[in-house]
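This report refers to the structure that appears directly beneath it.
The values are calculated or read from the model by the stated rules, or taken from the named source; none is laboratory data. None of the values given here were measured: they were computed from a predicted structure. Neighbour counts are summed over all protein chains in view; Cβ atoms, including those assigned to glycine, are modelled from backbone coordinates with ideal geometry. The area values use the complete protein model at the heavy-atom level, side chains included, leaving out ligands, DNA and RNA. Shrake-Rupley method; radii C 1.70, N 1.55, O 1.52, S 1.80 Å.
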Amino acid sequence: MKQPTTKRGFSGKLGYVLATAGSAVGLGNIWRFPYLAAKYGGGAFLLVYIILALTFGYAMIMSETALGRMTGKSPVGAFSRFSRRGLVRAGGWINAVIPILIVPYYSVIGGWVLHYLLGYLRGQSAAMADDAFFTAFLASPLMMELCFLAFALMTMLVIFSGVQHGIERVSKIMMPVLVVLSLIVVGYSVTRPGALAGVRYFLIPDFRSFSLMTFVSALGQMFYSLSIAMGILITFGSYTGRDVNIESTTAQVEIFDTLIAILAGLMIIPAVFAFSGGDAAALNKGPALMFVTLPKVFSSMGGAWIGILFFLLVLLAALTSSVSLAESACATFEDELGWSRPRSAALMSVILVGLGSLSCLGFNLLSGVTPMGMDILSFFDFLTNSVMMPVAAAAICLLILFVIGLDRMETEISSSSPFRRRRVYRIVIRYFALVLLAVILISSLADAFGLIHI
Ligand code: PFF
């Protein structure tokens, strides 16, 4: 198929790789990955995660990027390029709507990170070690809203600047800074007394701690972390040309994303071990691990500066991801409504402030509103990542299998470079993808209805 020309686009391969890595590396790596790994078996979780990323994750990233590049369009346009049937268009829309719903609640968590960074900068390290710090913050609608709005504003400023001047330039600066900051924090964390037991727990697989939940949670985390089925990779694929070797850039993004997740595990898990001696209650903290347990660890280590560095790095990572989510949403508005970038960005800003404020208020003024027994933020997370994401990914696989055809995908991928892992790609998409997606959907629903505990 002829490559359609778009006015938006990355300036070259480096811009594309860094922006895609920036979209992948985010709260998923630093906040979510370590608490899941701590809870579900450390090294066993890590191993399963890597195997899934190299097979299933690899095939999904390749598919989305190729789909974007082939059509030059964001998700809805990309899907409807192959068929005008309603069901096919619906597949595009579900991929397009996901980032629109994620960016608001993601920015609320970004606001929490900002609040912690400011707390360390103001020298509140001791106060932040108290559980009351987080609960008092959640209970204050004004503080929550202000932090959220500040984070949302940073995100939208980048979006208003366009692709090359916005997302590409920001990623080129932030990604290297992120790596340097990560290495400093890891160096500090693993050299604390007692931390080595944590390094061992995290890096050496012990299959006695393997369970079905290890597999299911690693599978869901892989989608989250690599930004699969979020519309982002299709959109970014549409910004690239045939000078980009999709296979090698996919490998680079996966390696970078997994490396940062491992570094985040090495920042947090050994520090928690040094603090608690590997106590199961500390390791099972879940989402609170970063906001409640870690400040205690930092304060016991007596270094406020480590708190500053850590939360600065989380902020940068979260920002590049929220920018990518918003970019994907704006591209849909531009393509489907024919709107200019400022107008699309303005619409995204309105949705962002509206839905994000609802998530903020869900912890205080609207705490009585609990869809499916969850607070509003958790509900949006559940709806997008547990329900819509597997359906969106299945829509991509079905489009490839039954409308486009695997051969045509291969032709697209190999148009810019030899396709080395063709067999892995075919086997995953043809035989495994739909089954694994059904596993994610069923297990998340079973978890939400209290039948199992993820
Ligand atoms: N992959 C990014 C992260 O790990 O934070 C971006 C992202 C993906 C954000 C999925 C939110 C989300 F639900």
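When residues in the stretch 341-394 are screened for being closer than 16 Å to residue 106 by Cα and of a type outside the set (A, V, I, L, M), 17 of them pass. Residue 355 passes every criterion in (1) under 21 Å from residue 53 (Cβ atoms); (2) part of a helix (DSSP H, G or I) apart from (1).
Residue 336 meets each of the listed conditions (1) open to solvent by 30 Å² or more (accessible area, probe 1.4 Å); (2) assigned to a loop (DSSP other than H, G, I, E, B); (3) of a type outside the set (A, V, I, L, M, F, W, C) apart from (2).
Scanning the stretch 79-122 for residues that are more than 15 Å from the ligand (Cβ to nearest atom), part of a helix (DSSP H, G or I) and not charged (D, E, K, R) yields a count of 17.
From the residues in the stretch 19-78 that are part of a loop (DSSP other than H, G, I, E, B) and more than 13 Å from the ligand (Cβ to nearest atom), which one is nearest to residue 98 (Cα to Cα)? Selected residue: 74. If you check 383, 437 for being touching a residue at least 60 places away in the same chain (Cβ under 8 Å), within 16 Å of the ligand (Cβ to nearest atom) and closer than 30 Å to residue 51 by Cα, only one passes: 383.
When the stretch 250-288 is limited to residues that are among the polar types (S, T, N, Q) and buried (at least 22 other Cβ atoms within 10 Å of the Cβ), the one that is farthest from the chain's Cα centre (by Cα) turns out to be 250. Here the stretch 386-424 is the region considered, the condition is being farther than 20 Å from residue 54 by Cα, small (Gly, Ala, Ser) and open to solvent by less than 50 Å² (accessible area, probe 1.4 Å), and the residue that is farthest from the ligand (Cβ to nearest atom) is 405. Of everything in the stretch 125-137 that's under 29 Å from the mean Cα position of the chain (by Cα) and free of Cβ contacts under 8 Å to residues at least 24 places away in the same chain, which residue is farthest from residue 360 (Cα to Cα)? So, considering only residues that are under 29 Å from the mean Cα position of the chain (by Cα) and free of Cβ contacts under 8 Å to residues at least 24 places away in the same chain, the one farthest from residue 360 (Cα to Cα) is 130. With respect to (1) assigned to a helix (DSSP H, G or I); (2) of a type in the set (Asp, Glu); (3) over 24 Å from residue 106 (Cβ atoms), the lone exception for residue 243 is condition (1). Can you confirm whether residue 169 is among the charged types (D, E, K, R) and part of a helix (DSSP H, G or I)? In short, yes.
Would you check if residue 253 is part of a helix (DSSP H, G or I) and within 16 Å of the ligand (Cβ to nearest atom)? Yes; evaluated as a whole, the condition is true for this residue. Filtering the stretch 222-250 to residues that are touching a helix residue (DSSP H, G or I) at 6+ places or on another chain (Cβ under 8 Å), among the small types (Gly, Ala, Ser) and more than 10 Å from the ligand (Cβ to nearest atom) leaves 231, 237, 238, 241.
Against the conditions (1) under 13 Å from residue 323 (Cβ atoms); (2) buried (at least 16 other Cβ atoms within 10 Å of the Cβ), residue 148 satisfies every one except (1). The residues of the stretch 10-37 that are touching a Gly at 6+ places or on another chain (Cβ under 6 Å) and not aliphatic (A, V, I, L, M), listed by number, are 34, 35.
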